[in-house]
């Protein structure tokens, strides 16, 4: 199966993870038993989501007027899929992965970015693969990692249509590499290091090597947002405080992350060096990159339609609603 056909297959196969792990708080939704609004956030299980874990553990959400429960998913598009399914009111999702879901779900809204990087997503080649020309199969997590995989192949002069992309969830990738089912992958930590270690291969670079980067967005639904803008602003204010905490005290933030998702603290502190933690609004540059990424997914057959960039990417929303930490 070529890379383009595999992209379409991967998009069709995306489903919400059967088990969402809930962490803290009461049932999600507006209202609840207390005086503060209750918000459920769907998020992932790697250190790029540490602001969520830190904000919960340190009480930053409560400080900014919201009770938050977060549910963890397997990664890829699952956080926003949980939002679409009504299992959460907000979700953390990479920019490119969000775009694969917006066309079919016009109610989705991107509010802000809370983390970004050009080095966190790594290129891993398996044992015995010494040159990109040897690659015939690559593991690809749907969304931003798939787009990065294609951009990597293009950058090294390999036609993506000559490489089979094997759709996988992040936890599956190290096993695929170890068995030799694939020759490489482009994936984020901690899965990149695990894939290299278990396969006897190595990390050979990062997405910044071919001028690629990504942002983690906070995503919500227009219907919920219409009645809960103050709660959404409170969530982002808490995450902004958590971002600052991670920068100021990465060791404690790593310990909180280990308690939340069992990634060793020493590994997380190393990973933090690849991540820029800051909350900012959606920018014109984000929109320009989003249009390019979304067009790629349409052209490849992964999705059928483009997002409505003017209504789904909320330029200026964060600045208008920003709260002091």
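Quick notes
- Matching residues in region 130-167 - criterion: being part of a helix (DSSP H, G or I) and touching a helix residue (DSSP H, G or I) at 6+ places or on another chain (Cβ under 7 Å): 144, 146, 147, 148, 150, 151, 152, 153, 154, 155, 160, 161
- Restricting region 45-65 to residues that are in contact with a strand residue (DSSP E or B) (Cβ under 7 Å, 6 or more places away or on another chain) and either outside the structural domain of residue 290 (by TED's automatic domain parsing) or surrounded by 24 or more Cβ atoms within 10 Å (Cβ to Cβ) (or both) leaves a set whose member that is nearest to residue 145 (Cα to Cα) is 48.
- Which numbered condition residue 127 fails, given (1) in contact with a helix residue (DSSP H, G or I) (Cβ under 7 Å, 6 or more places away or on another chain); (2) in a loop (DSSP other than H, G, I, E, B); (3) buried (at least 16 other Cβ atoms within 10 Å of the Cβ): (3)
- In region 68-75, the count of residues that are surrounded by fewer than 24 Cβ atoms within 10 Å (Cβ to Cβ), touching a residue at least 60 places away in the same chain (Cβ under 8 Å) and in contact with a strand residue (DSSP E or B) (Cβ under 6 Å, 6 or more places away or on another chain) is zero.
- Residue among 301, 281 that is surrounded by 15 or more Cβ atoms within 10 Å (Cβ to Cβ), in the same structural domain as residue 248 (by TED's automatic domain parsing), touching a helix residue (DSSP H, G or I) at 6+ places or on another chain (Cβ under 6 Å) and over 27 Å from residue 47 (Cβ atoms): 301
- Filtered residue count, region 168-210, keeping only those that are in contact with a strand residue (DSSP E or B) (Cβ under 6 Å, 6 or more places away or on another chain) and outside any helix (DSSP H, G or I): 12
- Tally of residues being more than 19 Å from residue 143 (Cβ to Cβ) and either in contact with a strand residue (DSSP E or B) (Cβ under 6 Å, 6 or more places away or on another chain) or outside any helix (DSSP H, G or I) (or both) across region 278-302: 5
- Those residues of region 192-218 which are over 19 Å from the mean Cα position of the chain (by Cα) and crowded, with 20+ Cβ neighbours inside 10 Å, in sequence order: 196, 199, 201
- Matching residues in region 305-321 - criterion: being in contact with a strand residue (DSSP E or B) (Cβ under 8 Å, 6 or more places away or on another chain) and under 14 Å from residue 280 (Cβ atoms): 313, 314, 315, 316, 317, 318, 319
- Residue match in region 269-277 (condition: over 20 Å from residue 120 (Cβ atoms), in the same structural domain as residue 66 (by TED's automatic domain parsing), in a helix (DSSP H, G or I) and modelled with pLDDT of 95 or more): no
- Some residue of region 290-298 being closer than 17 Å to residue 115 by Cα and assigned by TED's automatic domain parsing to the domain that holds residue 82: yes
- Under the condition of being more than 19 Å from residue 302 (Cα to Cα) and touching a residue at least 60 places away in the same chain (Cβ under 8 Å), the residues counted in region 171-190 number 5.
The values are calculated or read from the model by the stated rules, or taken from the named source; none is laboratory data. In this text the structure is predicted, and so the values were computed from the model without any measurement. Cβ coordinates were reconstructed from backbone atoms using ideal geometry, including for glycine residues, and neighbour counts include every protein chain displayed.
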